[in-house]
There are 4 protein chains.
Amino acid sequence: MAARSYDAYREDRVGRANVGDTAPLRAYYADLERMHAGALWTVANKIEPWEPKTESVPVVWRYADLREPVLRSLDLVTPEQAGRRVVFLENPGRTEMSAAVGWLYSGLQVMNPGELASSHRHSASALRFIMEGEGAFTNVDGHRMTLGANDFVLTPNGTWHEHGVADDGTACIWQDGLDIPLMNALEAGFYEVHPDLQQAVTYPVDDMTKAWGNPGLRPAGAAWDKRYSPLFKYEWAPTYEALHRFASVTDGSPFDGIHMDYVNPATGGPVMPTIGASMQMLRPGEHTRAHRQVGSFLYQCAKGHGYSIINGRRYDWRERDIFCVPNWMWHEHVNGSAGDDACLFAFHDLPVMKALGLYREQAFGDNGGYQPLLEQ
Amino acid sequence: MAARSYDAYREDRVGRANVGDTAPLRAYYADLERMHAGALWTVANKIEPWEPKTESVPVVWRYADLREPVLRSLDLVTPEQAGRRVVFLENPGRTEMSAAVGWLYSGLQVMNPGELASSHRHSASALRFIMEGEGAFTNVDGHRMTLGANDFVLTPNGTWHEHGVADDGTACIWQDGLDIPLMNALEAGFYEVHPDLQQAVTYPVDDMTKAWGNPGLRPAGAAWDKRYSPLFKYEWAPTYEALHRFASVTDGSPFDGIHMDYVNPATGGPVMPTIGASMQMLRPGEHTRAHRQVGSFLYQCAKGHGYSIINGRRYDWRERDIFCVPNWMWHEHVNGSAGDDACLFAFHDLPVMKALGLYREQAFGDNGGYQPLLEQ
Amino acid sequence: MAARSYDAYREDRVGRANVGDTAPLRAYYADLERMHAGALWTVANKIEPWEPKTESVPVVWRYADLREPVLRSLDLVTPEQAGRRVVFLENPGRTEMSAAVGWLYSGLQVMNPGELASSHRHSASALRFIMEGEGAFTNVDGHRMTLGANDFVLTPNGTWHEHGVADDGTACIWQDGLDIPLMNALEAGFYEVHPDLQQAVTYPVDDMTKAWGNPGLRPAGAAWDKRYSPLFKYEWAPTYEALHRFASVTDGSPFDGIHMDYVNPATGGPVMPTIGASMQMLRPGEHTRAHRQVGSFLYQCAKGHGYSIINGRRYDWRERDIFCVPNWMWHEHVNGSAGDDACLFAFHDLPVMKALGLYREQAFGDNGGYQPLLEQ
Amino acid sequence: MAARSYDAYREDRVGRANVGDTAPLRAYYADLERMHAGALWTVANKIEPWEPKTESVPVVWRYADLREPVLRSLDLVTPEQAGRRVVFLENPGRTEMSAAVGWLYSGLQVMNPGELASSHRHSASALRFIMEGEGAFTNVDGHRMTLGANDFVLTPNGTWHEHGVADDGTACIWQDGLDIPLMNALEAGFYEVHPDLQQAVTYPVDDMTKAWGNPGLRPAGAAWDKRYSPLFKYEWAPTYEALHRFASVTDGSPFDGIHMDYVNPATGGPVMPTIGASMQMLRPGEHTRAHRQVGSFLYQCAKGHGYSIINGRRYDWRERDIFCVPNWMWHEHVNGSAGDDACLFAFHDLPVMKALGLYREQAFGDNGGYQPLLEQ
Ligand SMILES: [Fe+2]
Ligand SMILES: [Fe+2]
Ligand SMILES: [Fe+2]
Ligand SMILES: [Fe+2]
Ligand SMILES: [Fe+2]
Ligand SMILES: [Fe+2]
Ligand SMILES: [Fe+2]
Ligand SMILES: [Fe+2]
């Protein structure tokens, strides 16, 4: 075996490890390895970096590219074979864990009219953001939600869920978002198929939205002690209206424009314990300032077009395109239109970071808050 | 002085005090009184009752009676003299503490167009429910709310607040609700007049409603650590719409029909730490079953007409009438119309009871859940 | 009837009511009274005071006076007649509600060896602080606590409880503390006698103290979702030791010397939802500075002697004396010994004030923080 | 390139992916890869396992083996070169992340008398468990803790900390425990060296232990809003005493004997937001039943000897040995002595699992709760 280097991470700085390889040390390291141990100073600077360095890279997944292969899967595999016909997004830096960014999974799922997937549940928390088609629905623990474009729907951790498209609908495509990679990393993933394969719908259609999706009001006395939102579906029309109502009374965030979080109405907190979501509107011509955050983000353009600058490089997007902002990367957003607004849906892992006390954010201080563009 | 009786509360039951007066005991009691003390057994059964016995009595305050005197106050006193022109509701069992029921105060306030009250703040939490008139507004800590009939507005504990009516408005009447009696009972009431008499309005009109009054969405990243709701105004139109949306997917409460709580959207909890509020809709012909609760309630009929049966007696009400349900009294509600719905606004002290771990409720078990009417 | 005055509370200050009685107004007020209403400006300044004005007065109850009458009750009444033989403390300003201060009740209870009271439970939260005697015990929900001088024991809201003294013990006296007056004020008091009159002791003696009364450690995985402490007994020896340990590393509070709160080890919060308790040590010669608080306090001198200055008047106390500090009264404490420490046990209603968002405190700013003594 | 298999994870079960490789599908997969995407059904069964399958393996690190190499590091590297002289524990299944088990790091650190490490802080939460030597101390945010064998000390997330050994002490060895791997996995790790290299000790020695390490008592009114315990050091003597006190009133846990959690006395919760710790005592001859938990554990034998059975294999341990129980592995513990107790210190990531709603546990149901031993 060629001599392995143990001093790859040396730093010449007080308080950091700075030990060169010597023959006695190499012998020592070999001794340690035999007893499942190592010398901390050989890895200390690697495992205690000055700041996070993400493994993920920025990517834009263009709907113009993906739509055709997604639809093609309808012909390539049956639902029975595939379970679900999904094209998942694979970050080049995270192929091993099938992640789109950080510990977040995402995919584009397609179903034909009249299809109904089998019901199951799992430790992973899941959400859907509807991209196109008519007649899609999701059943969650006996509640049925009908779905239209830009509707946002939850199938939380531990709930029985299944998707389908009505007989008189069209082929439907939606984006799935899950924390499957996180569940695997934490070795906490359990999975069950529903004993009856299909669950019964035992509540009126869209009952949770009608009971819990009202401004400043909730069902009196209704107990809700789950860790996720009882509002399973957030519809697009009132969401878009809310953005405009909010816009009429706020200057907006310098970093995110008119930015609203989807919340659990029973607590005011995030929609699920491990995944949060938001919708933001960039006003005509708006160009936000850059900041960075401990957390990973996956965006879908719900309306309009524009671009984002991520760690100094420009990424264009238009309606239905999906892109990611990896952990602790500088990012700013630009609406490409001077006349119309642009809307970005996002989901992220900030609830994890905040639950563990790890969240930070930082504004880009130089250049008036705007990143200089790097040579491409 | 005639001999005072010390054995008024005797009960012949194991575990309860049952001591008759004797000469030596009377001498003993007199000794104790001189040292600011007493014998527990002379009062034990009084101060440890088997269940609560409220001092309040049910009352209906009819708007047909009160409206004229309320308006008359406009001529009788100036705002400068009176501070505020308010006719307050005085429960016959609570006259000493100027309470409408339990520890809750309520009054009908009237203002002329062009009037603006002076700004102040206090430990008491306050709310308004608008009864009639055009052009009313309330300012709270720099936020202005415009007000229409059946709007519900908060001026929470510790906030600077003032009311007014626009120059082009009409005389406006609203119901005030406060916990002034509770503040006095707890000896916790502080009061301040604003140093400038008037506060500046520093935010866009109705900004809190437009920012926080959206279904399932909140301003992203907005910190809100106050103990009261950032949603200062709950408007009638979306509230009434919410009742109907909820009604379309629920059987309703057996005791309260279609019943929704006004909530703090930042927490999902009550609107203020000491006062909660709700709106309920009785469907055409609905007659709810009876229950009782630890807590005091003050209702205003916001729409329709009907009656409530409280501890076996019937109390009729119609739009704008106010009535109370005292603590631990059986009550059931009846919509007087077979064709239209009836709506009851209520505020109450359940947040106090729940914060202190004292809340209980009980369903009326006999007679199919309906109280037999007592002879009147 | 002589003409009643309606203008007793006038204040000549902007923003306050200042309306003189006139004949038309008197007629108006009479009209309002007939409809269970009144004019707010006749009472506004009374019910919205600038700051709290307590009804309670400072009192010292000297054990030298009370001990003999307490023991005399053993001969005057049987336990069967009296339920419990207790001399309760009656604040001259709160006789109507049998309160020692504010909404707090207190009494001195005595039992003979071999006696065992009947078991009961109630909405009121209760505590005991042991004053003298050998062999006392308390049973709470199947747990038995043995009791010695200066031990502090809980019988929380809703728990079955009963007291007794072992056959080989001596007559025992302890101070009871309860929130009975608060329960009555809130009309929230329920009371039950145990169906078997006596409860079974089903756990090892002092098990809760041995399981939960350990520094920085708790039973692993033990669920405790009650609103009160699982540590039912706080013993004197470790408490006194803790005061000295803490004293060795702190300068102490300027207002309270070495001051520790008894806490619920499952939450770090107060021992019960409506009553808190603390023990404080005044070091030899210590004279604390004055402050005032929204809350009512009842102290017992557990060790030593000294005095407190309350709203400018001096109140001397020695071991076993009990005294109160009413709401929002200035108070400072003085250890009467230059050579030994003095310890004050206290219980209070701060958990109520804090749960409702009403707590305030203020340091006495003049005269170096010390109150000038008023002429007596 | 040899043909890659895309159907490695097929399962012949309804609701699971079961798609065989075909030429058209391979072409399709290649298309997807070019656009940073994949077909979910090729990986679905891999990334959604039926239950967790940990990457970690059980290991015992024997102090008899490690002690000598640890001491040898004193001669091999200077503190200036190494930063800290630590031999870290490397789980054979987690070498890539330098983890001892799951996402937990551990190492044995050694210091000579008179040495003082430089002060720094980081996102990782850290703890120490003292193994041998006299005179060790740790400084945390201006507080100094002196340390003896089996003392447990925290240097929480974000606190400035440094370790040293007094001039008149001896070479000291302790176990470090950190969540460094988790911080790296979450890409949330920040690191800073103290600007002065050394921090000032500004509080009395051991002040936090003397202020917060008292049974059922805390400093009155002391604010503590950090997410970690103010009790930075948990000493061995009172901990061992607590185990025996608890043992005198409990049957103990069937799975863990006399088991106590170290807690944050300000909340009753875990000592740090990402790491919990406990001490457990196995009574003479005790053999616990098996269970498994979502969470990773690292144990150190603090007293006595015995063995654990982990997923059917026996692992012997004696005082100072360290061993791990990986996620979701069956485990049971056996005291090797019939006459003396054995104590196991453990730290784990249960606070992470619980904060994210992922915790589960399961008792081993067969064979009376005891695992059959596998052939070795
Ligand atoms: Fe799923
Ligand atoms: Fe951002
Ligand atoms: Fe007011
Ligand atoms: Fe009711
Ligand atoms: Fe009692
Ligand atoms: Fe005080
Ligand atoms: Fe460190
Ligand atoms: Fe275990």
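The values are calculated or read from the model by the stated rules, or taken from the named source; none is laboratory data. Fair warning: this is a prediction, and the values are worked out from it, not measured in the lab. Cβ atoms come from the backbone with ideal geometry, glycine included; neighbour counts cover every protein chain shown. Ligands, DNA and RNA are excluded from the accessible area calculation, which covers all protein heavy atoms including side chains. Shrake-Rupley method; radii C 1.70, N 1.55, O 1.52, S 1.80 Å.
Data for the structure
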item: Whichever residue in segment B:171-200 is open to solvent by 60 Å² or more (accessible area, probe 1.4 Å) and not in a strand (DSSP E or B) and, among such residues, is farthest from the other protein chains (Cβ to nearest Cβ); result: B:A200
item: Selection within segment C:110-124 - over 15 Å from C:V86 (Cβ atoms) and not in a strand (DSSP E or B); result: C:P113, C:G114, C:S119, C:S123
item: Flag for B:S229 being over 22 Å from A:V263 (Cβ atoms) and either of a type in the set (A, V, I, L, M, F, W, C) or away from ligand 7 (no atom under 16 Å from the Cβ) (or both); result: no
item: Qualifying residues in segment B:125-135 (those that are assigned to a loop (DSSP other than H, G, I, E, B) and touching a residue at least 40 places away in the same chain (Cβ under 8 Å)) - the one least open to solvent (accessible area, probe 1.4 Å); result: B:S125
item: All positions within segment A:81-96 that are open to solvent by 10 Å² or more (accessible area, probe 1.4 Å) and more than 8 Å from chain D (Cβ to nearest Cβ); result: A:G93, A:T95, A:E96
item: Residues (open to solvent by 10 Å² or more (accessible area, probe 1.4 Å) and within 10 Å of another protein chain (Cβ to nearest Cβ)) located in segment B:97-119; result: B:M97, B:W103, B:A117, B:S118
item: Candidates D:K233, D:K226 - the one that is more than 16 Å from ligand 2 (Cβ to nearest atom) and open to solvent by 30 Å² or more (accessible area, probe 1.4 Å); result: D:K226
item: Qualifying residue in segment D:290-308 (condition: within 16 Å of ligand 7 (Cβ to nearest atom), under 26 Å from A:M353 (Cβ atoms) and within 11 Å of another protein chain (Cβ to nearest Cβ)); result: no
item: The lone exception for C:G221 - which of (1) modelled with pLDDT of 95 or more; (2) open to solvent by 10 Å² or more (accessible area, probe 1.4 Å) it fails; result: (1)
item: Checking C:Y262 against (1) within 16 Å of ligand 5 (Cβ to nearest atom); (2) under 16 Å from the mean Cα position of the chain (by Cα), the condition it does not meet; result: (1)
item: Matching residues, segment D:241-262, being open to solvent by less than 10 Å² (accessible area, probe 1.4 Å) and among the hydrophobic types (A, V, I, L, M, F, W, C); result: D:A242, D:L243, D:I258, D:M260
item: Pairs with Cβ under 9 Å, 6+ apart, first in segment D:212-230 and touching a residue at least 12 places away in the same chain (Cβ under 8 Å), second open to solvent by 30 Å² or more (accessible area, probe 1.4 Å) and of a type in the set (A, V, I, L, M, F, W, C); result: D:W212/D:A222; D:W212/D:W224; D:R218/D:W224; D:P230/D:A222; D:P230/D:W224
item: Residues located in segment A:218-254, provided they are facing another protein chain (nearest Cβ under 7 Å) and closer than 12 Å to A:N150 by Cβ; result: A:Y234, A:P238, A:T239
item: Scan of segment A:295-326 for residues that are polar (S, T, N, Q) and out of contact with any Gly (no Cβ under 6 Å at 6 or more places or on another chain), ordered by number; result: A:Q300, A:S308, A:N311
item: Where D:D168 falls short, out of the listed (1) within 11 Å of chain A (Cβ to nearest Cβ); (2) on the phi < 0 side of the Ramachandran plot; result: (1)
item: Residue list for segment B:263-308, restricted to those being touching a helix residue (DSSP H, G or I) at 6+ places or on another chain (Cβ under 9 Å) and open to solvent by 10 Å² or more (accessible area, probe 1.4 Å); result: B:P265, B:A266, B:G269, B:P270, B:P273, B:R283, B:R289, B:Q293, B:F297, B:K303
item: Residue count for segment C:58-80, restricted to those that are in a loop (DSSP other than H, G, I, E, B) and either without any contact (Cβ under 8 Å) to a residue 12 or more places away in the chain or crowded, with 17+ Cβ neighbours inside 10 Å (or both); result: 4
item: Flag for D:K53 being part of a loop (DSSP other than H, G, I, E, B) and not small (G, A, S); result: yes
item: Per-region count, segment B:15-57, residues open to solvent by less than 30 Å² (accessible area, probe 1.4 Å), touching a residue at least 60 places away in the same chain (Cβ under 8 Å) and either charged (D, E, K, R) or within 7 Å of another protein chain (Cβ to nearest Cβ) (or both); result: 2
item: Residue that is part of a strand (DSSP E or B), in contact (Cβ under 8 Å) with a residue 24 or more places away in the chain and open to solvent by 10 Å² or more (accessible area, probe 1.4 Å), where the choices are C:T146, C:T138; result: C:T146
item: Selection count, segment C:267-289, where residues are in contact with a strand residue (DSSP E or B) (Cβ under 7 Å, 6 or more places away or on another chain) and within 9 Å of chain D (Cβ to nearest Cβ); result: 5
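Conditions tested, residue by residue: (1) over 17 Å from the mean Cα position of the chain (by Cα); (2) of a type in the set (S, T, N, Q); (3) open to solvent by 20 Å² or more (accessible area, probe 1.4 Å).
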| site | (1), (2), (3) |
| --- | --- |
| B:I322 | no, no, no |
| B:E332 | yes, no, no |
| B:G336 | yes, no, yes |
| B:G339 | yes, no, yes |
| B:F347 | no, no, no |
| B:V352 | no, no, no |
